[in-house]
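This report concerns only the one structure given below.
Read-outs: derived from the displayed coordinates by stated rules, not from any lab. In this text, all values refer to a predicted model and were calculated from it rather than measured experimentally. Cβ placement follows ideal geometry from the backbone for every residue including glycine, while neighbour counts extend to all protein chains displayed.
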Amino acid sequence: MANETTLILLKPDCVQKNLSGDVLGRFQDKGLTVRGIKMMTLSNELLTEHYSHVADKPFFPEIVEFMQRTPVVALALEGENAIAVVRDLLGPTNSEEAPAGTIRGDLGENMMVNVCHASDGPEAAADELKRFFAEGEIFAY
């Protein structure tokens, strides 16, 4: 079992519905530790980089519009097997397929309005943490 740090973005639907504390609490209840947290507005450039795998798709402007609806909360969470723990807590990306008891199953609506973005592996987590947190913004204590 490896100690990992992963990125979570609490999306605009989470922020608008005032669910950020509840969602963070679920992560902390599973033993994950906050190493970085900040609220931020996402630029077009940052979203294009973050969603580069779909930036050429016709639905990409909808993603940008949605992700800029409100600021998001970026979290750096650390724990044993943090990536797998987070993904299990969240459930499938499509909230309509997520079982009750998962964050997306309980709080999400569909494929895009699904409460959180989470890194899907160690390499993605490393890249995404650098994208959303500057040097010195992730803390060890």
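Quick one: putting +1 on the C-beta of Lys and Arg, -1 on the C-beta of Asp and Glu, what dipole do you get for the stretch 31-141 around its Cα centre, in Debye to the nearest 20?
So the dipole magnitude of the stretch 31-141 works out to roughly 240 debye.
Skipping prolines and chain starts, which residues have an amide H placed within reach, meaning under 5 Å, of the one on G36, given they are 5 or more residues away or on another chain?
Residues meeting the criterion, in which the H sits 1.01 Å from N, are A76, F139.
Looking at [x] 8.2; [y] 7.8; [z] 9.2, which value of mean projected area of the Cα convex hull in nm² comes from a calculation on the structure shown?
The calculated read-out lines up with [x].
I need to check one value: relative contact order of the chain, counting alpha carbon pairs closer than 8 Å and at least 6 residues apart, in percent.
38
Taking the Cα atoms of the stretch 1-45, what is the range of coordinates along each of the three principal axes, in descending order and whole Å?
Here the Cα extents, ordered largest to smallest, are 36, 26, 14 Å.
Can you return the aspartates and glutamates within cross-link range of K38? Criterion is Cα-Cα under 13 Å, with same-chain partners fewer than 8 residues away left out.
E137
Straight-line reach only, C-alpha to C-alpha below 20 angstrom: list the aspartates and glutamates that K17 could link to, leaving out same-chain residues fewer than 8 apart.
E62, E65, E96, D106, E109
Using θ = phi - 60° and the Karplus form 6.51 cos²θ - 1.76 cosθ + 1.60, what ³J(HN,Hα) does each residue of the stretch 73-89 get, whole Hz, x for Gly and Pro?
Taking θ as phi minus 60°, the curve returns 10, 9, 10, 10, 10, 10, x, 5, 6, 3, 4, 5, 4, 4, 5, 5, 5 Hz for the stretch 73-89.
Treating only the Cβ atoms of Lys and Arg (+1) and Asp and Glu (-1) as charged, compute the dipole magnitude of the stretch 91-141 about its Cα centre; round to the nearest 20 debye.
Details: 3 positive and 10 negative charges, 17 e Å.
Taking the Cα centre of the stretch 91-141 as origin, the dipole is about 80 debye.
Return the sequence-ordered ³J(HN,Hα) values of the stretch 9-26 in whole Hz as given by the Karplus equation 6.51 cos²θ - 1.76 cosθ + 1.60 applied to θ = phi - 60°, using x for Gly and Pro.
Along the stretch 9-26, the couplings run 10, 7, 6, x, 5, 5, 5, 4, 8, 6, 9, 4, x, 5, 5, 4, x, 5 Hz.
Under 8 Å for C-alpha pairs, at least 6 residues apart: give me the relative contact order for the stretch 75-134, rounded to a whole percent.
Computed value for the stretch 75-134: 26 percent relative contact order.
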